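Student: Below you will find the structure I want to go over with you.
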Amino acid sequence: ERAIVEHYGVELKGWPFELLPVRNPSRIGGRKSVQLLINTLINETCKWMKLTEEELADRITSNHANQVAGETIYKPRKTRTKKTVEKSAAIVESSSESDENEGDDGDKNEGHDGDNE
């Protein structure tokens with residue numbers, strides 16, 4: 001409601017009653033349902049209508065009033081779940097020579113393509 005109607009100031013009129021609630025066409029279902037939607041779009045019995053400034057203001061006011069009255073108009077945001085895994089406070093140090101010299105040997109010509117300047 002907020003993302004489409006209130007944001008763009010448009011309303012979808014004529015959506016087939018059999019396909020309620022309005023949803024993504026890829027989630028409608030079988031061929032019969034999709035054909036019904038296609039026919040309503042071709043015949044222009046289902047189309048987007050631009051709301052006037054007054055209609056949009058009335059719609060927003062009505063939506064807020066219905067939300068306050070307990071009707072779910074706006075989806076509540078999901079709360080972030082707390083991570084239960086605790087991080088280790090221990091510091092691991094390496095004492096092997098191979099770790100200290102890693103990357104020093106064998107990469108002496110790095111960045112050069114074989115030409116000596």
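Student: Determine ³J(HN,Hα), in whole Hz, for all residues of region 31-39 in sequence, where each value follows from phi through the Karplus function 6.51 cos²θ - 1.76 cosθ + 1.60 and θ = phi - 60°; x replaces Gly and Pro.
Tutor: Each residue of region 31-39 in turn: 4, 4, 5, 5, 5, 4, 5, 4, 4 Hz.
Student: Counting Lys +1, Arg +1, Asp -1, Glu -1, what net charge surrounds Thr40 among other residues with beta carbon under 12 Å of its beta carbon?
Tutor: Residues close to Thr40 contribute a combined charge of 0.
Student: Mind grabbing the accessible area of Lys50 for me, 1.4 Å probe, Å², rounded to tens?
Tutor: Looks like 150 Å² after rounding.
Student: In the structure displayed, which of Lys32/Lys78; Lys50/Lys75; Lys50/Lys78 lie more than 28 Å apart, Cα to Cα?
Tutor: Listed pairs above 28 Å: Lys32/Lys78; Lys50/Lys78.
Student: What residues have an amide H closer than 5 Å to that of Val10, excluding those fewer than 5 places away on the same chain, when H is modeled at 1.01 Å from N in the peptide plane?
Tutor: Those lying under 5 Å, H to H, from Val10 are Leu51.
Student: Using θ = phi - 60° and the Karplus form 6.51 cos²θ - 1.76 cosθ + 1.60, what ³J(HN,Hα) does each residue of region 13-21 get, whole Hz, x for Gly and Pro?
Tutor: My calculation for region 13-21 gives 10, x, 4, x, 4, 5, 9, 6, x Hz in order.
The values are calculated or read from the model by the stated rules, or taken from the named source; none is laboratory data. Computed from a prediction, not measured in an experiment: that's the story for all the values here. In this analysis, Cβ positions are derived from the backbone assuming ideal geometry, glycine residues included, and neighbour counts consider all displayed protein chains. Only protein heavy atoms, including side chains, enter the accessible area calculation; ligands, DNA and RNA are left aside. Shrake-Rupley method; radii C 1.70, N 1.55, O 1.52, S 1.80 Å.
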